[in-house]
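A short write-up of the structure that comes next.
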């Protein structure tokens, strides 16, 4: 599961991790979330998107998104579905963010049909 680590003094997401276990951290709130991003605010109920994320946070989000694209590619292989061109472009755009060529996260395409 993907877990947002929230600093209890600032109510900001300070890290995103992937874990199989429930976390308990001192002075931190740990919430399972597929939508939280580093730098987002947490109001106790929902995540509020940060208007501008620091570059390091954007790179971290791009790296996590790249990890997720591998899962999609594997699901395509298992289902006998070609990895769609829009996903190939998405992977390329994420790599550009990780490599410092771009600083805007691309929008994730819809999951491929049949996977």
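The values are calculated or read from the model by the stated rules, or taken from the named source; none is laboratory data. Treat the numbers as computed from the prediction; the structure is a model and nothing was measured. Please note: Cβ atoms are built from the backbone with ideal geometry, for glycine as well, and neighbour counts cover all protein chains shown.
For the range 8-16, state whether one or more residues are in contact (Cβ under 8 Å) with a residue 24 or more places away in the chain and on the phi > 0 side of the Ramachandran plot. Looking for residues that are in contact (Cβ under 8 Å) with a residue 24 or more places away in the chain and on the phi > 0 side of the Ramachandran plot, one finds at least one in the range 8-16, hence yes.
Scanning the range 58-87 for residues that are over 17 Å from the mean Cα position of the chain (by Cα) and part of a helix (DSSP H, G or I) turns up 74, 75, 76, 77, 78, 79, 85, 86.
Can you confirm whether residue 47 is surrounded by 11 or more Cβ atoms within 10 Å (Cβ to Cβ), touching a strand residue (DSSP E or B) at 6+ places or on another chain (Cβ under 9 Å) and without any contact (Cβ under 8 Å) to a residue 60 or more places away in the chain? Reasoning before the result, please.
Details: surrounded by 11 or more Cβ atoms within 10 Å (Cβ to Cβ): yes; touching a strand residue (DSSP E or B) at 6+ places or on another chain (Cβ under 9 Å): yes; without any contact (Cβ under 8 Å) to a residue 60 or more places away in the chain: yes.
Considered against the rule, which asks whether it is surrounded by 11 or more Cβ atoms within 10 Å (Cβ to Cβ), touching a strand residue (DSSP E or B) at 6+ places or on another chain (Cβ under 9 Å) and without any contact (Cβ under 8 Å) to a residue 60 or more places away in the chain, residue 47 comes out as yes.
The combined condition, being exposed (fewer than 12 other Cβ atoms within 10 Å of the Cβ), at pLDDT 90 or above and either outside any helix (DSSP H, G or I) or in contact with a helix residue (DSSP H, G or I) (Cβ under 8 Å, 6 or more places away or on another chain) (or both), is fulfilled by residue 110.
Annotation for the range 29-44: at least one member residue is exposed (fewer than 10 other Cβ atoms within 10 Å of the Cβ), at pLDDT 90 or above, outside any helix (DSSP H, G or I) and assigned by TED's automatic domain parsing to the domain that holds residue 16.
Of the numbered criteria (1) under 25 Å from residue 106 (Cα atoms); (2) outside the structural domain of residue 111 (by TED's automatic domain parsing); (3) modelled with pLDDT of 90 or more; (4) loosely packed, with under 14 Cβ neighbours inside 10 Å, the one residue 74 fails is (2).
Candidates 91, 97: the one that is outside the structural domain of residue 6 (by TED's automatic domain parsing), modelled with pLDDT of 95 or more and assigned to a helix (DSSP H, G or I) is 91.
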